[in-house]
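For reference, the structure discussed in these notes is given below.
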Protein chains: 2
Amino acid sequence: MTLSGPFALEASNLGKSGRTRARLMDAAVDVFAREGFQAASVNEIARLADVANGTFYVHFRDKDAIAAEVAYGITREIARQIDEAMSQIDGAAERFSFATRQFIELATTQPMWGWVLIRSAWIVPELNHRVETYLSSDLKRGVKQGIFNREIDPFIVDAISSMILSALAARLRGDAGEEAGSRVSELALCMLGFPVSEAKALAWSAITLQDFSTNVLPRAPKP
Amino acid sequence: MTLSGPFALEASNLGKSGRTRARLMDAAVDVFAREGFQAASVNEIARLADVANGTFYVHFRDKDAIAAEVAYGITREIARQIDEAMSQIDGAAERFSFATRQFIELATTQPMWGWVLIRSAWIVPELNHRVETYLSSDLKRGVKQGIFNREIDPFIVDAISSMILSALAARLRGDAGEEAGSRVSELALCMLGFPVSEAKALAWSAITLQDFSTNVLPRAPKP
DNA sequence: GAGAATTTTGGGAGGTTTGTCAATTATAGG
DNA sequence: CCTATAATTGACAAACCTCCCAAAATTCTC
């Protein structure tokens, strides 16, 4: 039996249909991560989910439909998790730095989700868009708090988010270590108008990162 | 007759084989730009180049082979052009800023090349790698000149290059105007340790951008 | 447990893709 | 003009893909 992924775990208390659907989504994550959205085939997703190819079409209209669902599920879960972990943090700069570092640690704990973000972000606009929405809200909070002295518009949000994605990619490839999150966070803070020393202090401060792998989704009840 | 692209012009004085090869490369650029590397099919490239599908395989082993050639051709020409245009500039920061701005103007004058860079950079490693090589050399020059007070390693080069690509994408989509080059250049200079005011001054200084469309490749002789 | 409703199955029609190759056409040198 | 060489062609096998649907299996309800 294939070991079930995050979506399957989450759906373990749903009806049969819901569970199959979730299995397909986990399989899709796997295929998207390995081959990217474009090269992925419905056939392979079904094969990996251990269902007949016809079953796929019972649950999703086509590849785009499952991609949208997967994008939604991934980004929602990541955002929920990060948000919860930093509910106590108020300063926008601290929040940004924490979120960035935590986000990049995704690479260690849920590499497949990371790869999907990297390999499909440019093709499934939903993905990029949602990442940028979350990012944007903390950046704007910073402007309100008078901390970032740079106007926040889609251009700069885009720039920062693609920088973060590139750091995530480096981490996934193994080209960067744990410091990746701090480094990119420092660079971004500089861009936002922070003096180098302050950016460094914030970005490299000791924090406790959540362990995605155990917390991101509710545990499945033991069988 | 299909209007010939840059590669065909460049090859107009070559033998028949060379010209066909070049036509295929221009067609490949077109298809890659529209659909991305993964979704592109050899068939469509051949169709667009107005040759039989078998002809493709005479000139290239497969899609990867032509992608590598195209990547090589595009990056070499862009680099050559930018390099020539800034041969008089010596300061690393000025060079970086000029190159960045000039590079992004590629979006206006050779949008297809721009799209290829955007849509295929993550899939054809050759592309990213070459862009980063050129970028790296000017950044390192800056360190030698004592201008950038930040260690230049692949991580930061990666970060900057993906930021530049995101600006190029915004420009191609029409979401950003002429100012895109200056904006991203300013952001990057901040990251490299420049005080905001200096970064602004450099990034927004008046410069004369080369007109890629007329200069990037030698003119074809009139028939 | 029987019958109804839900879910899954897998074969197949119709299409596209890759890569090959014998046959055809164009080009160039004598 | 004629021939040797180079270049191109297009049909084709084999693989794979999407999407459909009647039949089989499973689950639910009473």
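The values are calculated or read from the model by the stated rules, or taken from the named source; none is laboratory data. Just so it is clear, the model here is predicted, and its values are computed rather than measured. Here Cβ is always computed from backbone atoms with ideal geometry, including for glycine, and neighbour counts include all displayed protein chains. Calculation scope for accessible area: heavy atoms of the full protein, side chains included, ligands and nucleic acids excluded. Shrake-Rupley method; radii C 1.70, N 1.55, O 1.52, S 1.80 Å.
Laid out as a table, the results:
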| item | result |
| --- | --- |
| Accessible surface of the protein assembly as shown, 1.4 Å probe, proportion on carbon and sulfur as whole % | 53 |
| Residue-normalised accessible area of the range A:6-60, given per residue in Å² at a 1.4 Å probe | 45 |
| For A:Glu198, label point 7 Å along C-beta direction: distances to other copies, nm | 1.9 |
| Entries in A:Lys144/A:Lys200; A:Lys16/A:Lys63; A:Lys140/B:Lys140; B:Lys63/B:Lys144; A:Lys200/B:Lys200 that, when Cα-Cα distance is taken, lie over 31 Å | A:Lys140/B:Lys140; B:Lys63/B:Lys144 |
| Under the span-like rule (Cα at least 20 Å along the axis, Kyte-Doolittle mean at least 1.0), DSSP H helices of chain A | A:154-173 |
| Given charges at beta-carbon only (K, R positive; D, E negative), |dipole| of the range A:112-194 in Debye | 100 |
| Charge dipole (the protein assembly as shown, unit charges on Cβ, about Cα centre) - positive-most of B:Pro195, B:Gln102, B:Asn13 | B:Asn13 |
| Mean ellipticity per residue at 222 nm, deg cm²/dmol - from DSSP H runs of n ≥ 4 across the protein assembly as shown, formula -39500 (n - 2.57) | -23000 deg cm²/dmol |
| Accessible area buried between chains A and B, both sides summed, probe 1.4 Å, in Å² to nearest 100 | 2500 |
| Heavy atoms of B:His129: accessible area, 1.4 Å probe, square angstrom to 10 | 120 |
| Per residue accessible area of the range A:67-210, 1.4 Å probe, in Å² | 40 |
| Among B:Leu202, B:Leu106, B:Leu165: highest mean-square fluctuation, GNM of chain B, C-alpha pairs under 10 Å | B:Leu202 |
| Pairwise label distance in nanometres, B:Tyr57 with A:Ser137, each label 7 Å out on the Cα-Cβ vector | 5.4 |
| Kirkwood Rh in Å, taken over chain B so that all alpha-carbon pairs contribute | 18.3 |
| Residues in the range A:170-184 that, when all protein chains are in place, have 40 Å² or more less accessible area than the chain alone would give (probe 1.4 Å) | A:Arg183 |
| Distance histogram for the protein assembly as shown (every C-alpha pair counted, 10 angstrom bins, percent rounded to whole numbers) | 4, 20, 27, 25, 16, 7, 1, 0 |
| Distance from the range A:1-70 to the range B:56-116 (C-alpha centre basis), Å | 39 |
